[in-house]
Amino acid sequence: MKTTIFLGLAMLFATLSFAQNNRRSAEVFLQIANPGKYNVYLDDELVASSNGRFRFYDVYNSAPTLSIIQGNTVILKQQVNVIPGQRLILSLDNRRLNTLKQLDIYRNGQYMLNDFDGYTGNYNTGIVPTVLPQPDMNYRLLSPEAFQEFYASYKKCSFDSERVRLISAVNKKASFSSSQCKLILKTFTFDQERLKTAKTLYQTVVDPQNYFTLAEVFEFFNYKDEFLKYLEKA
């Protein structure tokens with residue numbers, strides 16, 4: 001079984017490496033004019049905000065599904081078309097999705113965009129805003145396809161020690177989202193190992209603002225409490 005699992009892992013890394021070396025990512029930004037708190041999904045990645053601006057980086061799916069939810073109401077669910085190497089800026093007005101801009105992410109090999117809808121300077125300035133991801137970022141979110149391949153191998157693990165080894169191997173070069181981390185940690189047998197792994201995964205999670213949702217995977221209150229205290233100090 002171990003041979004099968006690590007053969008699958010090798011194939012996963014080959015797939016991930018090929019995808020990252022041969023496909024450029026895109027970005028999708030959304031602006032909602034109407035006040036309120038919204039949860040916005042792009043495929044399975046979630047961003048929650050009350051300021052009306054939502055940012056998705058490292059989008060590899062050329063036609064992801066955008067879902068906008070307020071409370072228990074689905075405001076909109078629609079596929080959007082993205083172009084590799086570009087930021088797609090959308091707005092939601094009266095439940096209608098509009099395209100505001102499409103901007104090239106890089107110029108002369110430099111990340112050139114500001115924090116929402118414009119460039120940081122003239123064409124050749126090469127200014128890179130420090131608050132935004134850099135093009136040589138070491139960690140990349142697994143694509144939905146790559147994650148499914150990983151998870152198929154992961155479910156074959158019988159013990160927490162096997163699960164930890166597999167997670168560590170993948171996490172050396174790839175990141176998970178909070179929702180993926182929750183799915184992964186639910187399968188653990190013991191809260192002690194679950195907590196240790198949760199702390200490790202937090203270092204590279206792509207949406208740390210949503211990581212608190214993992215608290216519900218702990219079976220015992222003392223481990224849940226220690227997890228939340230860790231997030232307070234992180």
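Within the range 84-102, the residues that satisfy the criterion of being more than 19 Å from Asn114 (Cβ to Cβ) and either open to solvent by 70 Å² or more (accessible area, probe 1.4 Å) or at pLDDT 95 or above (or both) are Asn94, Arg95, Arg96. Here Ala198, Ala174 are screened, and the one residue that is under 18 Å from the mean Cα position of the chain (by Cα), more than 26 Å from Asn61 (Cα to Cα) and either among the aromatic types (Phe, Trp, Tyr) or surrounded by 15 or more Cβ atoms within 10 Å (Cβ to Cβ) (or both) is Ala198.
Suppose we keep only residues that are assigned to a loop (DSSP other than H, G, I, E, B) and loosely packed, with under 13 Cβ neighbours inside 10 Å within the range 136-148. Which one would you say is modelled with the highest pLDDT? Among those that are assigned to a loop (DSSP other than H, G, I, E, B) and loosely packed, with under 13 Cβ neighbours inside 10 Å, it is Asn138.
Consider the range 55-70 and keep the residues that are of a type in the set (A, V, I, L, M) and crowded, with 20+ Cβ neighbours inside 10 Å. The one that is farthest from Gly85 (Cα to Cα) is Ile68. Evaluation of Gly52 against the conditions (1) surrounded by fewer than 18 Cβ atoms within 10 Å (Cβ to Cβ); (2) touching a Phe, Trp or Tyr at 6+ places or on another chain (Cβ under 6 Å) shows that the sole unmet condition is (2). Taking the range 177-195 as the range and being surrounded by 14 or more Cβ atoms within 10 Å (Cβ to Cβ) and assigned to a helix (DSSP H, G or I) as the test, the residues that pass are Ser178, Ser179, Gln180, Cys181, Lys182, Leu183, Ile184, Leu185, Asp191, Glu193, Arg194, Leu195. Scanning the range 202-233 for residues being open to solvent by less than 90 Å² (accessible area, probe 1.4 Å), at pLDDT 90 or above and outside any helix (DSSP H, G or I) gives a total of 1.
Look at the range 59-80: where a residue is over 15 Å from Arg95 (Cα atoms) and a partner is open to solvent by 70 Å² or more (accessible area, probe 1.4 Å) and assigned to a strand (DSSP E or B), sitting 6+ places away or on another chain with Cβ atoms under 6 Å, you get Ala63/Gln79; Thr65/Gln79.
Looking at this structure, is Val28 at pLDDT below 90, part of a strand (DSSP E or B), within 23 Å of Phe116 (Cβ to Cβ) and open to solvent by less than 20 Å² (accessible area, probe 1.4 Å)?
no
Scanning the range 154-176 for residues that are more than 28 Å from Val47 (Cα to Cα) and part of a helix (DSSP H, G or I) returns Asp160, Ser161, Glu162, Arg165.
Within the range 150-175, residues that are modelled with pLDDT under 90 sit with their Cβ atoms under 8 Å from residues that are among the basic types (Lys, Arg) and surrounded by 13 or more Cβ atoms within 10 Å (Cβ to Cβ), at 6+ positions apart or across chains, in these pairs: Lys173/Arg140; Ala174/Arg140; Ser175/Arg140.
The values are calculated or read from the model by the stated rules, or taken from the named source; none is laboratory data. Being a predicted model, the structure only gives us computed values, none of them experimental. Cβ sites come from the backbone with ideal geometry, for glycine too, and all protein chains shown count toward neighbours. Ligands, DNA and RNA are stripped out before the accessible areas are found, and what is left, the full protein with its side chains, is counted by its heavy atoms. Shrake-Rupley method; radii C 1.70, N 1.55, O 1.52, S 1.80 Å.
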